[in-house]
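*Asks:* Let me begin by handing over the structure; questions about it come next.
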Amino acid sequence: AQKVTQAQTEISVVEKEDVTLDCVYETRDTTYYLFWYKQPPSGELVFLIRRNSFDEQNEISGRYSWNFQKSTSSFNFTITASQVVDSAVYFCALRSDSNYQLIWGAGTKLIIKP
Amino acid sequence: ETGVTQSPTHLIKTRGQQVTLRCSSQSGHNTVSWYQQALGQGPQFIFQYYREEENGRGNFPPRFSGLQFPNYSSELNVNALELDDSALYLCASSLTTVNTGELFFGEGSRLTVL
């Protein structure tokens, strides 16, 4: 069975603080893909990153960085120097080669206070 | 903005009625998938269409059905509406069924069933 767990339901920080959103996944497949999406209040899910199971290199994109660790089945997302515009619900998702569908976590609501 | 448009944005129905939701995919995208997102939860995969054929389905009953047209736009039909069908319905388009790439989402249709 495939599963994605985002244990943090809601996180609230003050602007300019760093914040890490946790994602733990379960799958028996050897080839799979991990995603992070952002959902602002408008409802539209915005793609942030995709990682395949063979690429464990961490990635940095501006203030965003992702830490993929197969040993702990985790794919965590860090925002450095957070800004109010980062406030949104963030979803981690999993897809394997054996299945078309994306399996989503429950999301983490991130609140950045000015 | 992704170029995926959904209509209507909001609608209210009563239990037992039928509803049709529409989606125009991003230009050039031949694959459309539909997701149901209940309040405070992650999206749940309903089904996927590729070149007018359903080629993947999640754990939803047959009263959830769909169509994809030659121009790759799509419809989601739900018959015999139940209170639990109240949710945000998201359409996503992509280039191929392989889906190793990102999904482009619309802003969704929010359905309330009374």
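*Asks:* Which numbered condition in (1) modelled with pLDDT under 95; (2) open to solvent by 20 Å² or more (accessible area, probe 1.4 Å); (3) of a type outside the set (D, E) is the only one that A:T20 fails?
*Replies:* With respect to (1) modelled with pLDDT under 95; (2) open to solvent by 20 Å² or more (accessible area, probe 1.4 Å); (3) of a type outside the set (D, E), A:T20 is out only on (1).
*Asks:* Being more than 14 Å from chain B (Cβ to nearest Cβ), crowded, with 17+ Cβ neighbours inside 10 Å and not polar (S, T, N, Q) is the requirement here; does A:I103 meet it?
*Replies:* Values: more than 14 Å from chain B (Cβ to nearest Cβ): no; crowded, with 17+ Cβ neighbours inside 10 Å: yes; not polar (S, T, N, Q): yes.
In short, no.
*Asks:* Among the listed residues B:S93, B:S7, B:S109, identify the single one that is open to solvent by less than 30 Å² (accessible area, probe 1.4 Å), at pLDDT 95 or above, among the small types (G, A, S) and closer than 30 Å to A:K109 by Cα.
*Replies:* None of the others qualify; the one that does is B:S109.
*Asks:* Here's a check for you: in the range A:69-84, which residue that is surrounded by fewer than 20 Cβ atoms within 10 Å (Cβ to Cβ) and closer than 28 Å to B:Q36 by Cβ is nearest to the chain's Cα centre (by Cα)?
*Replies:* Top of the filtered list is A:N76.
*Asks:* For the range B:24-44, which positions are open to solvent by 20 Å² or more (accessible area, probe 1.4 Å), part of a strand (DSSP E or B) and within 13 Å of another protein chain (Cβ to nearest Cβ)?
*Replies:* B:Q36, B:Q44
*Asks:* When only residues in the range B:45-85 that are assigned to a strand (DSSP E or B) and among the acidic types (D, E) count, which is farthest from the other protein chains (Cβ to nearest Cβ)?
*Replies:* In this case the residue turns out to be B:E75.
*Asks:* Applying the selection to the range A:42-92, what residues are touching a residue at least 24 places away in the same chain (Cβ under 8 Å), assigned to a loop (DSSP other than H, G, I, E, B) and over 18 Å from A:L102 (Cβ atoms)?
*Replies:* Passing the criteria: A:T80, A:A81, A:S82, A:Q83, A:S87.
The values are calculated or read from the model by the stated rules, or taken from the named source; none is laboratory data. What you see is a predicted model; the values in this text were computed from it and never measured. Counting neighbours? That spans all protein chains shown, and the Cβs are built from the backbone with ideal geometry, glycine included. Heads up: the accessible areas ignore ligands, DNA and RNA and are worked out on the full protein's heavy atoms, side chains in. Shrake-Rupley method; radii C 1.70, N 1.55, O 1.52, S 1.80 Å.
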